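Note sheet for the following structure.
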Amino acid sequence: DQQVKQNSPSLSVQEGRISILNCDYTNSMFDYFLWYKKYPAEGPTFLISISSIKDKNEDGRFTVFLNKSAKHLSLHIVPSQPGDSAVYFCAASANNNNDMRFGAGTRLTVKP
Amino acid sequence: GAGVSQSPRYKVAKRGQDVALRCDPISGHVSLFWYQQALGQGPEFLTYFQNEAQLDKSGLPSDRFFAERPEGSVSTLKIQRTQQEDSAVYLCASSLIQGGSYNSPLHFGNGTRLTVT
């Protein structure tokens, strides 16, 4: 069962514009959400996270928004840079347990 | 120091062969995780260790899969009698504290790509 869904397999944006990556989840017990970034032939690297007590967390060019009622979160990157081109995974966990669930990923391409 | 190290980077096995995949976590990291990532999918949880104790193995797909971390550092994921459906990238991750979620995100290795022919 896909408890974390990233419905857009790919996204292409122009350098300097905003990139918005979306993620939906079905398990209402999830209370911690993370975004990971993955370059080819490398493992995912942690980017930014948010707990369910917040609706926004910002770190430089990256902001994650959480809408609990809609079970939706999004990652905003602004301004987008060519080095941001990678696959982005959304992940979620419940009660700090060990079984973190990942979405299938969205491949972001930022064109110069 | 160094990040999470996995070996080999690539492994080709004939169907029915046994394989062993190694993970060296970041020194001092308590928690260690194994994930399986099929092509075009996100990582799927396999098993979790806190130090040497395997606290959760609910994600292991069959009894052909076995993981160990005998001294609480290096871990080995063993797959017996490999099948074609075992072909995937196997990712190891570690985190500083237990659980690996709150305030201690997972640090992933580069993975081992297993191809079963």
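Results, tabulated for the structure shown:
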| read-out | value |
| --- | --- |
| A:Met100, A:Met29, ranked by accessible area, largest first (probe 1.4 Å) | A:Met29, A:Met100 |
| For the protein assembly as shown, radius of gyration divided by Kirkwood radius, i.e. Rg to Rh on alpha-carbons | 0.97 |
| Delta accessible area of at least 40 Å² on complex formation, residues of the range A:67-106, 1.4 Å probe, chain isolated as reference | A:Asn96, A:Asn98, A:Asp99, A:Met100, A:Phe102, A:Ala104 |
| Chain A: translational diffusion in µm²/s, Stokes-Einstein, Kirkwood Rh over Cα pairs, 4 °C, 1.567 mPa s | 93 |
| Contact order normalised by residue count of chain A, Cα under 8 Å, 6+ apart, percent | 37 |
| Between the range A:6-84 and the range B:1-77, the Cα center-to-center distance that results, in Å | 26 |
| Those trypsin sites (Lys or Arg not before Pro) in the range B:1-83 that DSSP places in a loop and that have at most 10 other beta carbons within 10 Å | B:Lys14 |
| Pairs beyond 26 Å (Cα-Cα), from A:Lys38/B:Lys11; A:Lys68/B:Lys57; A:Lys5/B:Lys57; A:Lys71/A:Lys111; A:Lys5/B:Lys78; A:Lys37/A:Lys68 | A:Lys68/B:Lys57; A:Lys71/A:Lys111; A:Lys5/B:Lys78 |
| Percent carbon-and-sulfur accessible area, the protein assembly as shown, ignoring ligands, DNA and RNA, probe 1.4 Å | 48 |
| Alpha carbon Rg of chain B, scaled by the compact-globule rule 2.2 N^0.38 Å | 0.99 |
| Average accessible area per residue (Å²) across the protein assembly as shown - probe 1.4 Å, nucleic acids and ligands excluded | 48 |
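The values are calculated or read from the model by the stated rules, or taken from the named source; none is laboratory data. The shown structure was predicted, so the numbers you read here are calculated from the model rather than taken from an experiment. Please note: Cβ atoms are built from the backbone with ideal geometry, for glycine as well, and neighbour counts cover all protein chains shown. The protein model used for the area step is the full one, side chains on, heavy atoms only, and it has no ligands, DNA or RNA in it. Shrake-Rupley method; radii C 1.70, N 1.55, O 1.52, S 1.80 Å.
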